[in-house]
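A quick write-up on the structure given underneath.
Read the figures in this text as sums done on the coordinates, not as results from a lab. All values reported here derive from a predicted model rather than from experimental measurement. Virtual Cβ from ideal backbone geometry, glycine too; neighbours counted across all protein chains shown.
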Amino acid sequence: MNSVTKKCKKCKQDFILDEDELGFYEKMKVPAPKVCPDCRFKMRAMFRNETTLYSGRKCALCGKSIISMYNPKSSYTIYCNDCYLGDGWDPFSYAKDYDVSKSFLEQLKELLTIVPKATTYSSLSTGPNINSDYINQAGGLKNSYLVFNSGPGEEVMYSRGVRHTREISDCYFGVNLENCYECVNVSDSNYIFFGKNTFNSFNSIFTLNCRNINDCFACVNLNNKSYHFFNEPLSHDEYKKRIGEVMGSYSRMEEIKKKFDEFSLKFPRRENNNLKTTNCVGDYLFECKEIKNSFEIARAENCRYAFSNKDMKDSMGTIGYGFKSEMLLECIATGYSSNVIASYAVESSQNIFYSFSMRNCNNCIGCNGLKNVSYCILNKQYSKEEYEKLRERIIFELQGQELYGLMMPPELSPFAYNETIAQDNIPLTKEEALKEGFRWEDDIQKTEGKETMKTEEIPDHIKNVPDSITNEILSCMECARNYKITKQELLFYRKMVLPIPRKCFYCRHQERIVRRGPYKFWNRKCAKCQKEIITNYAPERPEIVYCEKCYQQEVY
């Protein structure tokens, strides 16, 4: 079986399907796609709203006020998570007879519109969320606020992609963290502020590509060091004196941040941030084998085009979750499952196709909200023989439309493009999104112009910030969105001696995505040995990028 080159039917760009990909599609019994990887990512990412939340809605079953990932303008019936998981409603009551005279996708859209939806997505495998309403795609969180794709953790704020954490804020992608702030890809660490790619470290600020350090400030590529300031060793007393002049002051921290960004450009970067991998292409891959063109993956094997997955194998085109799963194709938030195609939020299930929010199910196609059932189509149960006959008819129809094996079309998504992680990772303008057939939401919930305190009125140093700031409404200096400082947040800043942020969570989140780097890979040459490498540093970027061997030789 040889590689083939195809022209994407959406963006018209050429793309290559290699032998392994063609073999996977054959194993999944689906045709090879005529849509390129980037366009396929956008199609499935359209079903993954993590951070766009709305208030002012009530559970349609119990009447409780809820926070929801569904826009209040939408026609969906929304239940709180307790009601959704409870026995107070019957998903079979929405069952539809499969009508051979109508398109399957048309009938699926009708079903998705009428079946109640959970207000946010919460994984049962990591436990319940306690006193944590403003979270989504997360589980096992306690006393947490604005946390996404995460868990378990306690006292977590403004973070995404973190696990086993306590008292952290503004972190992106990390494990085993405590008392950390503004970190990207930091793990097994305590009291790390403004860190990136830092591991097994303690009590350090502004760090990049460091291991086993403690009491270091503005340091790059250090290992097993203490009391360093901009990579220079200092005495204990001199170190404490210098950081004491900076910590807690917004103006001094911003000054150092700019200086550190310039300073870090003098040092080489690894071609990627992968650890303990075998034959992998991608970034932020940990303990992986045979992973290609993937991002933020841990303990996975033989997967491609995966994003934010863990403990998964033999899958392609997945976003989120993944635990103990195999044979997933074009799936979102799916775990403990096998042989799932083009579905969202499937857990502990097998042989599920084109379905939405399924738990403990087998052999279902075109279903929504079912649990503990088998052989269902459009939420109606059939005999095994009837099911298999109708399933083959549906697959034949989808194949004829060149859709089988692709994610559900974007018109079936409950979300607009700019409400989802598609916009985070492949940003489009409104005009571009509409041209590509995606919806765009102009009415994303936010307030502007309601501020009671101007940015310049916020005290520069945290020690001068009064308790009353939690009663004030602030305005983001970047986007003008109003935001507030919670009591929990203020206590955190005081404990960590950190200044009050001048930007809203959403702008801070976007800055962390920029620090993370794009979900895109380029061919580039090692700046030292000129070997060809694959990296998410674009060739025109100013960073010095080394291949793994050269980086190891120079840094370690």
Members of the range 69-122 found to be closer than 20 Å to Ile135 by Cα, among the β-branched types (Val, Ile, Thr) and crowded, with 19+ Cβ neighbours inside 10 Å, listed by number:
Ile78, Thr119, Thr120
When you go through (1) touching a helix residue (DSSP H, G or I) at 6+ places or on another chain (Cβ under 9 Å); (2) within 19 Å of Phe104 (Cα to Cα); (3) of a type outside the set (Gly, Ala, Ser) one by one for Asn351, which number turns out not to apply?
(1)
When you look at Val30, is it surrounded by 15 or more Cβ atoms within 10 Å (Cβ to Cβ), touching a Cys at 6+ places or on another chain (Cβ under 8 Å) and aliphatic (A, V, I, L, M), yes or no?
no
Report yes if Lys435 is farther than 30 Å from Asp38 by Cα and exposed (fewer than 13 other Cβ atoms within 10 Å of the Cβ), otherwise no.
no
Could you say whether any residue in the range 450-466 is assigned to a loop (DSSP other than H, G, I, E, B) and among the polar types (S, T, N, Q)?
yes
From the residues in the range 359-377 that are assigned to a loop (DSSP other than H, G, I, E, B) and either β-branched (Val, Ile, Thr) or out of contact with any helix residue (DSSP H, G or I) (no Cβ under 6 Å at 6 or more places or on another chain) (or both), which one is surrounded by the fewest Cβ atoms within 10 Å (Cβ to Cβ)?
Asn372
Candidate set: the range 245-254, residues that are exposed (fewer than 15 other Cβ atoms within 10 Å of the Cβ) and more than 17 Å from Thr207 (Cα to Cα); chosen: the one farthest from the chain's Cα centre (by Cα)
Glu245
Could you check how many residues of the range 289-317 are part of a loop (DSSP other than H, G, I, E, B) and in contact with a Gly (Cβ under 8 Å, 6 or more places away or on another chain)?
2
Checking the structure you have, find out if any residue of the range 197-218 is crowded, with 21+ Cβ neighbours inside 10 Å, of a type in the set (S, T, N, Q) and over 26 Å from Asn536 (Cα atoms).
yes
Among the residues of the range 504-518, how many are buried (at least 19 other Cβ atoms within 10 Å of the Cβ), closer than 25 Å to Asn203 by Cα and free of Cβ contacts under 8 Å to residues at least 60 places away in the same chain?
0
Using the structure shown, decide if Ile426 is in contact (Cβ under 8 Å) with a residue 60 or more places away in the chain and either more than 20 Å from the chain's Cα centre (by Cα) or closer than 30 Å to Pro499 by Cβ (or both).
no
